[in-house]
1. For Ser40, Ser180, what ranking results if the residue with the fewest other Cβ atoms within 10 Å of its Cβ goes first?
2. Need the list of aspartates and glutamates near Lys56 for cross-linking: C-alpha distance under 12 angstrom, and skip anything on the same chain fewer than eight residues off.
3. Could you list the trypsin sites (Lys or Arg not before Pro) in the stretch 22-88 that lie in coil according to DSSP, counting only those with at most 10 other Cβ atoms within 10 Å of their Cβ?
4. To the nearest 10 degrees, how steeply does helix 3-41 sit against the main Cα axis of the chain, on a 0 to 90 scale?
5. Using only DSSP helix segments of four residues or longer, with each worth -39500 (n - 2.57), what per-residue ellipticity at 222 nm results for the chain after dividing by its residue count and rounding to 500?
6. Using 0.36 nm per residue of separation minus the Cα-Cα distance, give me the extension gain between Lys70 and Lys85 in nm, one decimal.
7. Checking the table Lys80/Lys160; Lys70/Lys161; Lys70/Lys191; Lys35/Lys82 against a 27 Å threshold on Cα-Cα, which pairs fail?
8. Please work out which option in [x] 77, 46, 29; [y] 64, 43, 29; [z] 68, 45, 30 gives Cα extents along the principal axes in Å calculated from these coordinates, and answer with its label.
Amino acid sequence: MNNSLIFLFTALLFASACANKNRNNAEAVRLKHEKYQIDSLLSDSSLVLYVKTPGKSELTQVKRGERYPKQIEASYNVLKNKDGKVVYIAELPFSPKDDWFIAYRHYFDENGRLFAFQRQNNFFKSECTRGAALENLTLFYDTNFRMLDSVYTLTDSNKKKLEPGSCKFPFNFPYTVPRSLDDYQKMKKTKSF
């Protein structure tokens, strides 16, 4: 192969890689905007609340003005779009001693595919700050469930940046990111949403 063909082939590969990166960046920006749009709709009046209680396999809906059951394992805040499709579920496990707070936030497109996942973990006993450590991870996925972007922060209660290597994570429980609403419902063994 002569040098001009090698140069042309290399230039085409480079141009293709750059175009693909630009498409991925544009898609990530679009998904961040979509997440922001859903976040702007979240309010006490827009969410439907469910709870998981010990010994029950199905979730229980808690209507506005009703009391929570005495014992709960987790609560689920659900937002549906104007067509009645689930676009957001926040799973909030219950902390018996109030020494941690974890939220698993799932964002779904109108076809039920997960496009963003956010895990917030606020906890004491981190050994890198006197108060609470606040860990926030957000992941963005394309329609083929390939991660396009991620954002990670670790701060103290005053929003001062903390170094992950200096912190202990005593309440870092395992979790799974589902590909879709159907996968999430199978994982949770529920049809409530």
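FYI, it's all coordinate maths here, none of it is from the lab. Since the structure is predicted, the reported quantities are computational estimates derived from the model, not experimental observations. Counting neighbours? That spans all protein chains shown, and the Cβs are built from the backbone with ideal geometry, glycine included.
1. Numbers: Ser40 8, Ser180 16.
So the ranking, lowest neighbour count to highest, is Ser40, Ser180.
2. Glu73
3. Details: sites: Arg23, Arg30, Lys32, Lys35, Lys52, Lys56, Lys63, Arg64, Arg67, Lys70, Lys80, Lys82, Lys85; in loops: Lys56, Lys63, Arg64, Arg67, Lys70, Lys82, Lys85.
Here the sparse-neighbourhood loop sites are Lys63, Arg64, Arg67, Lys70, Lys82.
4. 20 degrees
5. Values: 2 runs with 47 residues, N = 193.
Roughly -8500 deg cm²/dmol at 222 nm, from the helical runs in the chain.
6. On the way: separation 15, 0.36 × 15 = 5.40 nm, distance 2.99 nm.
Contour length minus the Cα-Cα distance gives 2.4 nm.
7. Violating the 27 Å Cα-Cα cut-off are Lys80/Lys160; Lys70/Lys161.
8. Only one listed value fits the structure, namely [x].
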